[in-house]
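Worksheet for the structure shown next.
The values are calculated or read from the model by the stated rules, or taken from the named source; none is laboratory data. These numbers come from a predicted model, not from an experiment. Every residue, glycine among them, receives a Cβ derived from its backbone with ideal geometry; neighbour counts consider all protein chains shown.
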Amino acid sequence: MVVGAGPAGSTVATYLARAGVDVLLLEKTEFPREKVCGDGLTPRGVKQLIDLGIDTSEDAGWVHSRGLRILTGDLTLELDWPDLTSYPPYGVSRTRHDFDDLLAKLAVKAGARLYERTTVTGAITSPAGRVVGVEAKVGPERTSVSYRAPLVLACDGVSARLALSVGIQKNEKRPMGVAVRQYYKSPRHDDPFIEGHLELWDRSDPRDPKLLPGYGWAFPLGDGTVNVGLGMLSTSASFRNTDYRALLRQWLDGTPEEWGYREENAIGKVGGAGLPMGFNRTPHYRDGLLLLGDAGGMVSPFNGEGISAAMESAQIAAEVVVQALARREGPSRERALEAYPRAVGELMGGYYQLGNVFAKIIGKPKIMHACTKYGLRVNKLLPLVYKGLSGCYDAKGGDGVDRLIAALARVTPTPR
Ligand SMILES: Cc1cc2nc3c(=O)[nH]c(=O)nc-3n(C[C@H](O)[C@H](O)[C@H](O)COP(=O)(O)OP(=O)(O)OC[C@H]3O[C@@H](n4cnc5c(N)ncnc54)[C@H](O)[C@@H]3O)c2cc1C
């Protein structure tokens, strides 16, 4: 049984159903639906789509990106995506409204039974403490129901309701982020220079601890529509009681008028949500319950990317679950399931450990102030770290450093 039909849930449901497993996919909303996100995928995420057999061409409705454009102070840095054999050479963007709908449909096509408007309220456990099913409320009447299954896969996102119901808590020492976004229709995004890249603004200012640490983004969605947002670490005390929506407004008011990121061009409502980072909820497997994606705190502490990790964890979980279900219930199956936390740890653990240290350092205003004092413009270095360590962390002998050096040679003044 899979709880939550976001990227993690629909992906794992697809793989499992294709392998012949009877999959129940429970989702509290109804598709198609809005989902607050930046809507951007790096090549790492595109690889996951291709692995699923999805057509990622522009003809199929995906907006392609060649790399990141980083605007930092007076400088603009254009970084192509890493040239790695393990990843496609482009990123994509697409609204989560369409993206999640497409993934959920794929799961249904593969044979998963999708029950929408079904809100899981907690796990059912055996007297021995093993998760054997879930309790849920169904439909507008919120009728109580329960479902049983040999295994439950928690893909319920940042709320992690299932994990909490069996006492798997968030590790408060690990980073947590927060992000807000708004769609705009903007003439700036008819410009070919602007299109073709996912754009990040280094918006940190060492003199103002309230602004630290974070970045802004503009991810084009085609037709002059753009997803503009602000992502920040929320570990630092200065972020408590912050009105993030106001922060986004304040920051966008400072962008040039002609970019058009103004109220009159806004589409829909501002949305915001938490980003659970750096494996901040573990263990990823315990007593019949597997945690995938955001439910297991799998957002990157370097750049806030979470879709690719959610889908990667889904691919791993599906392989492990298929092998485990082929074994007799008992210790042999348990041993097979233990492979899941090991495999996600091997894939992302080292990268996230490093990311957690990175988040700790940039989350300390004192360190940032010291940097300013000694004339070190750390905000100029952060984008390099983002790029150098994201997207190519799991590639053997990746060319991240070479790319950075090449990109440094192409630094240009920020167009005004
Ligand atoms: C503002 C913002 C911008 C972001 N931008 C990006 C970006 O550009 N690129 C990127 O890679 N990542 C981005 N992220 C992170 C990304 O959104 C997440 O990492 C990703 O959605 C995780 O996928 P998931 O399947 O684990 O969880 P989710 O996408 O959160 O899916 C969880 C699903 O479970 C359902 N659900 C929740 N609770 C229950 C319940 N009790 N019962 C039944 N169903 C339930 C939800 O309705 C949802 O469908 C952003 C996040 C935010 C907040």
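Residue-wise test of (1) assigned to a strand (DSSP E or B); (2) β-branched (Val, Ile, Thr); (3) within 18 Å of the chain's Cα centre (by Cα).
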| residue | (1), (2), (3) |
| --- | --- |
| 88 | no, no, no |
| 107 | no, no, no |
| 119 | yes, yes, no |
| 174 | no, no, yes |
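The requirement of being without any contact (Cβ under 8 Å) to a residue 60 or more places away in the chain, buried (at least 18 other Cβ atoms within 10 Å of the Cβ) and more than 19 Å from residue 100 (Cα to Cα) is not satisfied by residue 289.
Among the residues of segment 205-228, the ones that are surrounded by fewer than 22 Cβ atoms within 10 Å (Cβ to Cβ) and at pLDDT below 75 come to 7 in all.
Can you give me the ranges of the helices (runs of 4 or more DSSP H) entirely in segment 267-357 with at least 2 residues that are within 16 Å of the ligand (Cβ to nearest atom)? Reasoning before the result, please.
Details: elements: 307-325, 331-337, 339-344.
Once the helices (runs of 4 or more DSSP H) in segment 267-357 are filtered for at least 2 residues that are within 16 Å of the ligand (Cβ to nearest atom), what remains is 307-325, 339-344.
With respect to being of a type in the set (A, V, I, L, M), modelled with pLDDT of 95 or more and part of a helix (DSSP H, G or I), residue 114 falls outside the description. Is it the case, given these coordinates, that residue 22 is more than 30 Å from residue 147 (Cβ to Cβ) and of a type in the set (Asp, Glu)? It is false that residue 22 is more than 30 Å from residue 147 (Cβ to Cβ) and of a type in the set (Asp, Glu). Being closer than 20 Å to residue 357 by Cα, near the ligand (Cβ under 9 Å from one of its atoms) and at pLDDT below 90 is a condition met by at least one residue of segment 230-242. Reported count of residues in segment 133-169, each being among the charged types (D, E, K, R) and assigned to a strand (DSSP E or B), is 3.
What residue, of 3, 63, 12, 36, is over 30 Å from residue 123 (Cα atoms), within 19 Å of the chain's Cα centre (by Cα) and hydrophobic (A, V, I, L, M, F, W, C)? First the steps, then the outcome.
Values: 3 fails: over 30 Å from residue 123 (Cα atoms); 12 fails: over 30 Å from residue 123 (Cα atoms); 36 fails: over 30 Å from residue 123 (Cα atoms).
The unique qualifying residue is 63.
Among the residues of segment 59-75, none qualifies, meaning not one is among the β-branched types (Val, Ile, Thr), surrounded by fewer than 24 Cβ atoms within 10 Å (Cβ to Cβ) and assigned to a loop (DSSP other than H, G, I, E, B). Consider residue 311 carefully, then state whether it is more than 16 Å from residue 281 (Cα to Cα) and of a type in the set (A, V, I, L, M). The answer is yes for residue 311.
Each row is one residue, and each column tells you yes or no for (1) closer than 21 Å to residue 13 by Cβ; (2) not assigned by TED's automatic domain parsing to the domain that holds residue 185; (3) not charged (D, E, K, R).
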{"residue": "272", "(1), (2), (3)": "no, no, yes"}
{"residue": "282", "(1), (2), (3)": "no, yes, yes"}
{"residue": "291", "(1), (2), (3)": "yes, yes, yes"}
{"residue": "306", "(1), (2), (3)": "yes, yes, yes"}
{"residue": "309", "(1), (2), (3)": "yes, yes, yes"}
{"residue": "330", "(1), (2), (3)": "no, yes, yes"}
{"residue": "345", "(1), (2), (3)": "no, yes, yes"}
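With respect to being of a type in the set (Lys, Arg), modelled with pLDDT of 90 or more and within 20 Å of the chain's Cα centre (by Cα), residue 96 fits the description.
Rundown of residues vs (1) crowded, with 23+ Cβ neighbours inside 10 Å; (2) assigned to a loop (DSSP other than H, G, I, E, B); (3) more than 6 Å from the ligand (Cβ to nearest atom); (4) outside the structural domain of residue 325 (by TED's automatic domain parsing), yes/no style:
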residue	(1), (2), (3), (4)
8	yes, no, no, no
12	yes, no, yes, no
16	yes, no, yes, no
21	no, yes, yes, no
25	yes, no, yes, no
28	no, yes, no, no
31	no, yes, yes, no
34	no, yes, yes, no
46	yes, no, yes, yes
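Restricting segment 237-266 to residues that are of a type in the set (Lys, Arg) and in a helix (DSSP H, G or I), the residue that is nearest to residue 96 (Cα to Cα) is 245.
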